[in-house]
Amino acid sequence: MPIKGPKILIVEDEPSQLELLSYNLNVEGYDVYKADTGEEGQLILQETEIDLILLDWMLPHTSGLEICRQIKRNKLTKSIPVIMLTARGEEDDKVRGLDTGADDYIVKPYSVKELLARVRAGLRSTNGDHSVNLLTYEQITMDLIRHIVSVNGSDIHLGPLEYKLLRILIETPARVFSRDQLLERVWSNALEVETRTVDVHIGRLRKQLNAVSDVEYIRTVRGFGYSLDKA
Ligand code: CA
């Protein structure tokens, strides 16, 4: 069974915006909940443990500002990060948004890339939340609590050394680790292990990732080491 990513609630009254956001978050593996009014958003919050909220500023009936106040006043929901979506030129509103307890804001029109980066940052900021125990890179998700790795929604079963290697690589994507650095961090008896062993286990990890994905995730830096870096 594929694991679901963090739960994100989008409250946005404009259908095209709602669909665009929902689509892009789904692709990233998030479990998306949609509401087109603040009232509907509140109902979802009562029934579901949401990890992060994207809240449009201009909503019919109750404004995004008021919804944010309500969320931050309720002790059951106040620790959920709220990212306000504001239209350009609402500078004062942005400040007021943060005054009401919004954790971040993003100005429309925004790039999807920027939005996703803010979402990741928002999820990282919640301490003790299970989302902190979920490491993701592109289509790879590592659930550190359940010890499950999935790629494109399919679980893969890694050996303990491959799991440790992936964990190190995924914590800092695109950073190149030397064989010695990986050896030291993964093998407790690093002095007795040859660096070539790192190559063997990276090879196994790569094979397992490639079995479920067309994307080449592990980059080899010849004569040096490896990084998790989509080519
Ligand atoms: Ca709106």
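The values are calculated or read from the model by the stated rules, or taken from the named source; none is laboratory data. Since the model is a prediction, treat every value here as computed from it, not as a measurement. Positions of Cβ are backbone-derived with ideal geometry, glycine not excepted, and every protein chain shown enters the neighbour counts. These accessible areas exclude ligands, DNA and RNA; they are computed on the full protein's heavy atoms, side chains included. Shrake-Rupley method; radii C 1.70, N 1.55, O 1.52, S 1.80 Å.
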field: Residue count, the stretch 61-77 (criterion: of a type outside the set (S, T, N, Q), farther than 21 Å from ASP31 by Cβ and away from the ligand (no atom under 16 Å from the Cβ))
entry: 4
- request: With the condition kept exactly as written, say whether any residue in the stretch 130-142 is free of Cβ contacts under 8 Å to residues at least 40 places away in the same chain, open to solvent by 60 Å² or more (accessible area, probe 1.4 Å) and part of a loop (DSSP other than H, G, I, E, B).
  value: no
- prompt: Given ARG179, ARG206, which one is closer than 30 Å to ASP31 by Cβ and crowded, with 16+ Cβ neighbours inside 10 Å?
  reply: ARG206
query: Residues ARG167, ARG185, ARG146: which one is open to solvent by 50 Å² or more (accessible area, probe 1.4 Å) and modelled with pLDDT of 90 or more?
result: ARG167
- line: Per the filter on the stretch 28-60, residues among the charged types (D, E, K, R) and either touching a helix residue (DSSP H, G or I) at 6+ places or on another chain (Cβ under 7 Å) or more than 16 Å from the ligand (Cβ to nearest atom) (or both) are GLU28, ASP31, LYS34, ASP36, GLU47, GLU49, ASP51, ASP56
message: Please go through (1) out of contact with any Gly (no Cβ under 9 Å at 6 or more places or on another chain); (2) under 15 Å from THR141 (Cα atoms); (3) open to solvent by less than 80 Å² (accessible area, probe 1.4 Å) for VAL193 and return the number of the only condition it doesn't satisfy.
response: (2)
message: Being open to solvent by 60 Å² or more (accessible area, probe 1.4 Å) and either more than 12 Å from the ligand (Cβ to nearest atom) or not small (Gly, Ala, Ser) (or both) is the requirement here; does GLU12 meet it?
response: no
